[in-house]
Number of protein chains: 6
Amino acid sequence: MLPRASIHDRLRSGSPALAAWCGLPEAAIPALLAREAFDMVVIDTQHGAVDFATAVRATALIEAAGKPAMVRIPVGDFAAASRYLDAGMSGVIAPMINTIEDARRFASFMKFPPVGERSWGPHGALALSGLQPGDYFQKGNGLSVSFAMVETREALDIIDDILAVPGIDGIFIGPSDLSIALSGGTDMNPASAMVEEALDHALARARAAGKFAAIYSATGERAADLVRKGFHMVSIASDTALLRAGAQMALKAARA
Amino acid sequence: MLPRASIHDRLRSGSPALAAWCGLPEAAIPALLAREAFDMVVIDTQHGAVDFATAVRATALIEAAGKPAMVRIPVGDFAAASRYLDAGMSGVIAPMINTIEDARRFASFMKFPPVGERSWGPHGALALSGLQPGDYFQKGNGLSVSFAMVETREALDIIDDILAVPGIDGIFIGPSDLSIALSGGTDMNPASAMVEEALDHALARARAAGKFAAIYSATGERAADLVRKGFHMVSIASDTALLRAGAQMALKAARA
Amino acid sequence: MLPRASIHDRLRSGSPALAAWCGLPEAAIPALLAREAFDMVVIDTQHGAVDFATAVRATALIEAAGKPAMVRIPVGDFAAASRYLDAGMSGVIAPMINTIEDARRFASFMKFPPVGERSWGPHGALALSGLQPGDYFQKGNGLSVSFAMVETREALDIIDDILAVPGIDGIFIGPSDLSIALSGGTDMNPASAMVEEALDHALARARAAGKFAAIYSATGERAADLVRKGFHMVSIASDTALLRAGAQMALKAARA
Amino acid sequence: MLPRASIHDRLRSGSPALAAWCGLPEAAIPALLAREAFDMVVIDTQHGAVDFATAVRATALIEAAGKPAMVRIPVGDFAAASRYLDAGMSGVIAPMINTIEDARRFASFMKFPPVGERSWGPHGALALSGLQPGDYFQKGNGLSVSFAMVETREALDIIDDILAVPGIDGIFIGPSDLSIALSGGTDMNPASAMVEEALDHALARARAAGKFAAIYSATGERAADLVRKGFHMVSIASDTALLRAGAQMALKAARA
Amino acid sequence: MLPRASIHDRLRSGSPALAAWCGLPEAAIPALLAREAFDMVVIDTQHGAVDFATAVRATALIEAAGKPAMVRIPVGDFAAASRYLDAGMSGVIAPMINTIEDARRFASFMKFPPVGERSWGPHGALALSGLQPGDYFQKGNGLSVSFAMVETREALDIIDDILAVPGIDGIFIGPSDLSIALSGGTDMNPASAMVEEALDHALARARAAGKFAAIYSATGERAADLVRKGFHMVSIASDTALLRAGAQMALKAARA
Amino acid sequence: MLPRASIHDRLRSGSPALAAWCGLPEAAIPALLAREAFDMVVIDTQHGAVDFATAVRATALIEAAGKPAMVRIPVGDFAAASRYLDAGMSGVIAPMINTIEDARRFASFMKFPPVGERSWGPHGALALSGLQPGDYFQKGNGLSVSFAMVETREALDIIDDILAVPGIDGIFIGPSDLSIALSGGTDMNPASAMVEEALDHALARARAAGKFAAIYSATGERAADLVRKGFHMVSIASDTALLRAGAQMALKAARA
Ligand SMILES: [Mg+2]
Ligand SMILES: [Mg+2]
Ligand SMILES: [Mg+2]
Ligand SMILES: [Mg+2]
Ligand SMILES: [Mg+2]
Ligand SMILES: [Mg+2]
């Protein structure tokens, strides 16, 4: 196996990355999507039904297709970030990073000293990268990306401070939660004008800070818009949504 | 839970049944497809990656959506037919039924005496149907369907005899294997004229025998044709194919 | 699938709810108990051997029997509460809620804004409830119950404050831990007089606050007592205990 | 770990063995029942929902409790008999042994040459028994029992011939299937007079042949009767039935 | 992913292939061994504890390391051969091929018409090979190897006939069973002179027929001997044996 | 099953304990290593790929070999410590105990009141120990050991304070992380002089406090050194490392 291309290089390439998004509890699904024209695959363990064992299994299969594997961890479970890096994941998305302290704790589990306090033990990552331990220790912090989710008013208020935390490589915007937050809990509408304004602002601040900006989109059409805005990475729908869309399209044709 | 509607009644209703087809090894997928507008869901353990444990788990989830669960067994593994009926499946598709003896053995595992020799022990089926043991024994043979796959020249040659075997409720046509067989192993083309002629013939013979005719189709469009021909049940594509179609559609929109 | 009856309505019906309690790591067991005359089924991930994947699988199977699925989370793992609600659980029991801060954090993961900070992503819950996203967002906080476990002296001392926390729907009493706490760690006796007095007090305070009071019982006989006291929900024994009781009864008859 | 006591010695001890019967797909359940006062534990892979992986896992756990692990294989899947012996099972029950040829094929997979044709590879059995390969090869045929199920008219007619097959250690009577067979498919009643007569006859013939006679019973009370008749082994109910009985007993007490 | 190199070409390369041998039920183990200097990896489902789901998972992981995945099926379960080819396996070893009929039935499940009767449905194989269906149909028979195990006196007697069966690509010698057979069931000694003579003869016959000869060895040292004899493929020990050897070596050093 | 020998007694016996270390996600592996000459087996859920369900399964299998089962939990996931004790584990290793507060929280989840706040519910531990609930409550704190990992400069600075925390039974040194910390993040070298000095110091402080000192070693040779230094427990390599060593040794012999 060749050493994996750096996910940092991929995200800095100028060509926005499109990510598959997986919440179903079976590694064959991200493996299958990794063979489609997605640039990377995210396993969602915050809202998805995927457990640790399945996410670890998926890692090797996604990497086998030559794509970086990423994971969204549950709120505040930063120890899981380290575990997934150890298994060979190339990126971690941490939801609800609402304080500087949240961002610092997340970074501390993502990066080896002196940047953070990630503990040594990358067994899966060594196997998948083919690197020797000493090499991996030297290069490890640059082999994976940490995305802090910005999805509340609190996070927007301190976005520059979050972006300035060493070890935070970028932000990932959650439009649905953002719409709930910005509407004071009265509305769930990821396409609202308030959300649009907020995500433009967040994107600009990330670019100003020289860090990555990523975002979730519910459809391919919305993803095209977000790509045009200049996001480095845009995730699209979810395995469940894609499967349902495929089924509905086929059923419509069958009943035509 | 209400006693399940008879799958026989559903297939005799005059409205052709559209079936989802699942080969990925996770019960959440047939569960999800069962909530779409399919009429039934087939788990493929011949060519799919699904193991026994997953197929059993899927049974309860498909039935929970009010749809009959069916399974395709591996070639010649008729004991599995009984095991899936015990678990609560409503139908079994047996591939490569090429002799009368194949058909008789398949039927013997599908039906209680005196029709066949199915052994008593329907634990899952009792739980899912809500029937008492005595009731289930009396009604069991009518609660599920046995489909003999017709997909070789040998099978076509004796199709009337297969259809006449007591306990065989219908045929299920496999167009890909049929195309290979009819071309003498030179071509794999389920849309060939030879296949078309053969399936029309098989459908006519099944209807003449008062039994069911079912068939696999690779796309919704092809399913529409087969429905119009008068098949009682048409399966469409597969979970993998639907997921890939959904992904490709979304990616196309994202890159537009 | 019909929209599920509200678990709030069920608990307010005046008829006390009896809950099965499951700690064995296989979803077929809660599925089986859901078909018995229990009113709801609790999956115990604090003291039981059940992992996340199995608890999620159980959710759909319990709901398929028309019963609400509930879960007890590990101490302090409030992010899991959100994940189980996303999967379609109707209630969460959080152990060792000993401070107002504990109660507030638990509630924040159980309820959408403005009550709490539950993040949006109820994929399983949408599938099981049949609700559209907008509907689920509006009704979600009322579709599930949050039970704070009262099982220490600290918790008893601030029970009114815990009950007053917005988003806390009720208390769940843990008699064994309570007996350990009240005896200063000298005794494990859930039937002690101190426990009895404490649970009467806690029940009265919950009723005064207009919230639910629930409790664990080791046997059916004890459950009958607790039902008579007026608890809204009483859990009974555990899957392991019921299986052992069934086995011992059968063996006694066999050796008679 | 001590070398396991021979199951042959246990069955010849004069004290009838009571067996637990497991069809739920989780190894913790047979492990739990093995710690109750059963003498052995049977995993049912004919009518139960247990897959190969789970049955293998159960083997080590049952043996850890010092009890022999047994399995019922699917109809005709004699290769599975060898696989379970390799995993360390102490006995195999083969359903529907209706011809001499069935009995011979079953025995051939159960016993090493020259008695049968069992292939070498007892990895789990070596680990669990602590024996060296040479020892296991010499003693292996005596370390496990093969039970041929007698549950049809055909089997009854040739019972002496079945019992005479080298490598068949005994018969196991299936009263439900026997009742269906003896009634010509009109009745499922394991307590019928015809069944009673048949099982008395079968027991007498097994004893005359110096081989074991075992039988399934649905309840502890029925097991007591069968023990008194002189069966060497009697299985009782099933994990599902015991769990339901425990649940119904507890619910009755709770609602008293 | 690149199209896989043909396993036929690899075996014909003149450099003997060393195969890892896996019987533990976890796909991470063959994945790990595939990254060591083995040339291919065999999953043993005859004597090992591996189930279908785990073997399928292992397939993708072994192929991801650029090595062919092979499987040994249970005795007579030829339908499994097709299922593993569909999953993407590159070779199948069938134990106890003792008659021409055994060899013909095995070949019929390994090769598409007109050579055999393999049914169409290579979903995993298409994904792993990257081939289009039409291409895979044309090339499929050459993309995988069928090894008939020669391990009895009957098989030796007809070895030329077995080797002449179209669709049989080679033989795989099982020295332990062969030693039992040749000694009339009195001895289990894979290093006996009788076995040595038999394997030399078998190797010569395979070479004379222009087909492959493969064999199992219990140690690396024995493998070196067999390689020198000219076998095309030699498997070494097993995952269990390698792990135990590693443990014993480390413990010896620790206690030195 | 006999009551398990106390792990405290084993560690105080004067004979240093050698522990196997497992990170592969399958319970059969620790079961296998438990039958080798290790004194105990550790499941690593911090850096390993093992999930909760697999670790629980492993517990019973390790104990079945008469060896204590231990686990390393993820950083800060102290609730998991209680869950593993409930499942029957005999010891827990908590990584990155860097403050007194860390040590106190860890101890609180490890010990029943009045020492800590462990909640009652030891279902697996009762089953595996054979103790009655009252007995287990009285003896429970002495039946398991809590190891606080010392692997940072902060921890070394307060090592006496950590050792003085009631409920902390010993320290476990992580040489790799220690080398990173002591080098200010510039070097990963568990054999550095700085690490050597630090571990001698830590060992001396543990002995002075009358508590246990344990440590990880990458090889058997290094373990011999550490045993000579007087550590109570030394873990050796990992399942992955042992398997790779076994494979490389066999391959070397095969290619000799
Ligand atoms: Mg969000
Ligand atoms: Mg076909
Ligand atoms: Mg408690
Ligand atoms: Mg029967
Ligand atoms: Mg062999
Ligand atoms: Mg460390």
Exercise for the section: Hey, could you check region B:180-204 for residues that are farther than 24 Å from B:P16 by Cα and crowded, with 17+ Cβ neighbours inside 10 Å and say which is nearest to ligand 4 (Cβ to nearest atom)? Expected result: B:A181
Exercise for the section: Among what's in region B:172-188 and is of a type in the set (V, I, T) and more than 18 Å from B:T219 (Cβ to Cβ), pick the residue that is nearest to the chain's Cα centre (by Cα). Expected result: B:I180
Completion exercise
Picking from D:E197, D:E221, the residue that is more than 7 Å from chain C (Cβ to nearest Cβ) and acidic (D, E) would be D:E197
Practice task
Could you tell me which residue of region B:148-171 is nearest to ligand 1 (Cβ to nearest atom), considering only residues that are of a type outside the set (S, T, N, Q) and within 13 Å of another protein chain (Cβ to nearest Cβ)?
Solution key: B:M149
Problem - Residues satisfying the stated conditions in region B:30-50, i.e. out of contact with any Pro (no Cβ under 6 Å at 6 or more places or on another chain), more than 16 Å from ligand 2 (Cβ to nearest atom) and touching a residue at least 24 places away in the same chain (Cβ under 8 Å) - result: B:P30, B:A31, B:L33, B:A34, B:R35, B:F38, B:D39
Practice task
Of the numbered conditions (1) within 14 Å of chain C (Cβ to nearest Cβ); (2) of a type outside the set (V, I, T); (3) under 18 Å from the mean Cα position of the chain (by Cα), F:G124 fails exactly one; give the number of that condition.
Solution key: (3)
Completion exercise
Of the residues in region B:133-145, those that are touching a strand residue (DSSP E or B) at 6+ places or on another chain (Cβ under 6 Å) and either among the small types (G, A, S) or farther than 27 Å from B:I173 by Cα (or both) number 1
Exercise for the section: Take the residues in region D:160-174 that are without any contact (Cβ under 8 Å) to a residue 60 or more places away in the chain and away from ligand 4 (no atom under 16 Å from the Cβ), then tell me which one is surrounded by the fewest Cβ atoms within 10 Å (Cβ to Cβ). Expected result: D:D160
Exercise for the section: Could you check B:A208 against (1) aliphatic (A, V, I, L, M); (2) touching a strand residue (DSSP E or B) at 6+ places or on another chain (Cβ under 8 Å); (3) away from chain A (no Cβ under 14 Å) and say which number it fails? Expected result: (2)
Handout entry: Qualifying residue in region B:218-231 (condition: part of a loop (DSSP other than H, G, I, E, B) and either buried (at least 21 other Cβ atoms within 10 Å of the Cβ) or within 16 Å of ligand 6 (Cβ to nearest atom) (or both))
Key = yes
Exercise for the section: Filter region E:207-217 down to residues that are in contact with a helix residue (DSSP H, G or I) (Cβ under 6 Å, 6 or more places away or on another chain) and farther than 22 Å from D:H123 by Cα and give me whichever is farthest from ligand 6 (Cβ to nearest atom). Expected result: E:A209
Handout entry: Unique residue being of a type in the set (A, V, I, L, M, F, W, C) and surrounded by fewer than 24 Cβ atoms within 10 Å (Cβ to Cβ) when the list is E:I93, E:I100, E:I73
Key = E:I100
Handout entry: Residue satisfying all of: in region B:135-147; polar (S, T, N, Q) and more than 14 Å from chain D (Cβ to nearest Cβ); nearest to ligand 4 (Cβ to nearest atom) among these
Key = B:S144
Problem - E:D51 at pLDDT 95 or above, within 30 Å of B:N189 (Cβ to Cβ) and over 16 Å from the mean Cα position of the chain (by Cα) - result: no
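Conditions tested, residue by residue: (1) touching a residue at least 60 places away in the same chain (Cβ under 8 Å); (2) within 16 Å of ligand 2 (Cβ to nearest atom); (3) of a type outside the set (A, V, I, L, M, F, W, C); (4) at positive phi.
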| position | (1), (2), (3), (4) |
| --- | --- |
| C:P95 | yes, no, yes, no |
| C:N98 | no, no, yes, no |
| C:E101 | no, no, yes, no |
| C:F106 | yes, no, no, no |
| C:F112 | no, no, no, no |
| C:V115 | no, no, no, no |
| C:G121 | no, no, yes, yes |
| C:L128 | yes, no, no, no |
| C:G142 | yes, no, yes, no |
Problem - Qualifying position, being over 21 Å from D:D44 (Cβ atoms) and either within 16 Å of ligand 4 (Cβ to nearest atom) or of a type in the set (D, E) (or both), among D:D177, D:D225 - result: D:D225
Problem - Residue within region D:74-89 that is within 17 Å of the chain's Cα centre (by Cα), modelled with pLDDT of 95 or more and more than 27 Å from E:C22 (Cβ to Cβ) present - result: yes
Exercise for the section: Among the residues of region C:65-103, write down those that are out of contact with any Phe, Trp or Tyr (no Cβ under 9 Å at 6 or more places or on another chain) and closer than 16 Å to C:H47 by Cβ. Expected result: C:P74, C:D77, C:M96
Handout entry: Any strands (runs of 3 or more DSSP E) falling wholly within region B:1-97 and containing at least 2 residues that are in contact with a Ser or Thr (Cβ under 9 Å, 6 or more places away or on another chain) and at the interface with another protein chain (Cβ under 10 Å from one of its Cβ atoms)
Key = B:17-22
Exercise for the section: Determine if region D:55-76 includes at least one residue that is touching a strand residue (DSSP E or B) at 6+ places or on another chain (Cβ under 6 Å), polar (S, T, N, Q) and within 16 Å of ligand 4 (Cβ to nearest atom). Expected result: no
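The values are calculated or read from the model by the stated rules, or taken from the named source; none is laboratory data. It should be emphasised that the depicted structure is a prediction, and the values quoted were computed from it without experimental measurement. Backbone-built Cβ (ideal geometry, glycine too); neighbour counts: all protein chains shown.
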